[in-house]
Amino acid sequence: MWDSARGRIVLADDHPVFRDGLRRIIQGMDPMVTIAEAGSFDQVLARAREGAAPDAFILDLIFPGFAPDESLTALRREFPASSVIIVSMMDDRATIQKLMEAGADGFVGKTLSAEDMAHAIQAIREGASVVATSADGALAAVPDVPSMLDGLTPRQIEVLDQLSAGFSNKEIARNLGISPFTVRIHVSAVFRALGVQTRAGAAAKAAAAGLNGSSLG
């Protein structure tokens, strides 16, 4: 469950029925979250400026006033700490990659079940970069640049640090205050970035880079 202290979300879709359904999914995971709904990009900006910066923007790919490149750039400039999640029926990989490069933190397909959408959104909110498009609910971490630790995000380095110290996924989740599901996403991304297939292989590369769990308190 998300930390409700940081839970203000701007939800944008020009189809009220889907918007209402997604709002119910989000509130089912965190009843304390505040959701501001919008039907156009102008409304997105207006809702976002009504108080503290939103914890997240959850945006349809196609709705009035939203031009992906320009709009994502504008959101990143004004709300750099907010996560941006795109939801869409579209599943073209090239388009999704462009969205991620433009500043989106994750992409969630509308064909997913309510449970899988909730898991994907939660994982993105907890720091994972996720693309979830298949109807069977398969989730994939966005691959990082395979350049040892330089290719890892700060959260992935934390996960690798604890993995190297021998902690299980459940223990890492408890230590970092995130869900085991999100830990699995991070571990998958770490394996991809380091070019390994096992925890032992990841730990060996971490040790070679000078990371061996010594930062654990």
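The values are calculated or read from the model by the stated rules, or taken from the named source; none is laboratory data. Since we're looking at a predicted model, the values are computed, not measured. Heads up, the Cβs are rebuilt from the backbone with ideal geometry, glycines too, and the neighbour counts pull from every protein chain shown.
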Worksheet item: Any residue at all in the stretch 190-199 that is modelled with pLDDT of 85 or more and assigned to a helix (DSSP H, G or I)?
Response: yes
Worksheet, complete the sentence: Residue hits (the stretch 98-108; closer than 8 Å to Ala132 by Cβ and either β-branched (Val, Ile, Thr) or part of a helix (DSSP H, G or I) (or both)) are Val108
Practice prompt. Tally the residues that are farther than 21 Å from Gln97 by Cβ and of a type in the set (Gly, Ala, Ser), restricting the search to the stretch 109-125.
Written response: 3
Worksheet, complete the sentence: So, first residue within 15 Å of Glu126 (Cβ to Cβ) in the stretch 159-176, second residue of a type in the set (Gly, Ala, Ser), Cβ within less than 6 Å, six or more apart or across chains; the pairs are Ala173/Ser179
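If you check Val17 against the conditions, is it surrounded by 15 or more Cβ atoms within 10 Å (Cβ to Cβ) and in a helix (DSSP H, G or I)?
When the stated conditions are applied, Val17 does not pass them.
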Item to complete: Would you mind finding the one in Thr111, Thr95 that is assigned to a helix (DSSP H, G or I) and either under 18 Å from the mean Cα position of the chain (by Cα) or among the small types (Gly, Ala, Ser) (or both)?
Response: Thr95
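One line per residue, one yes/no per condition, for (1) at pLDDT 90 or above; (2) surrounded by 19 or more Cβ atoms within 10 Å (Cβ to Cβ); (3) in contact with a Lys or Arg (Cβ under 6 Å, 6 or more places away or on another chain):
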{"residue": "Gly28", "(1), (2), (3)": "no, no, no"}
{"residue": "Pro31", "(1), (2), (3)": "no, no, no"}
{"residue": "Ala38", "(1), (2), (3)": "yes, yes, yes"}
{"residue": "Ala48", "(1), (2), (3)": "yes, yes, no"}
{"residue": "Gly51", "(1), (2), (3)": "no, no, no"}
{"residue": "Pro54", "(1), (2), (3)": "yes, yes, yes"}
{"residue": "Gly65", "(1), (2), (3)": "yes, no, no"}
{"residue": "Pro68", "(1), (2), (3)": "yes, no, no"}
{"residue": "Leu72", "(1), (2), (3)": "yes, yes, no"}
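Only residues that are in contact with a helix residue (DSSP H, G or I) (Cβ under 7 Å, 6 or more places away or on another chain) and closer than 12 Å to Ile85 by Cβ: list them for the stretch 99-109, please. Walk me through it before giving the result.
Residues of the stretch 99-109 that are in contact with a helix residue (DSSP H, G or I) (Cβ under 7 Å, 6 or more places away or on another chain), as a first pass: 99, 102-108.
Within the stretch 99-109, Leu99, Gly103, Ala104, Asp105, Gly106, Phe107, Val108 qualify.
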Practice prompt. Answer yes if at least one residue in the stretch 69-92 is in contact (Cβ under 8 Å) with a residue 40 or more places away in the chain and in a loop (DSSP other than H, G, I, E, B), and no otherwise.
Written response: yes
Worksheet item: Of the residues Pro68, Pro31, which single one is closer than 20 Å to Ala123 by Cβ and within 20 Å of the chain's Cα centre (by Cα)?
Response: Pro31
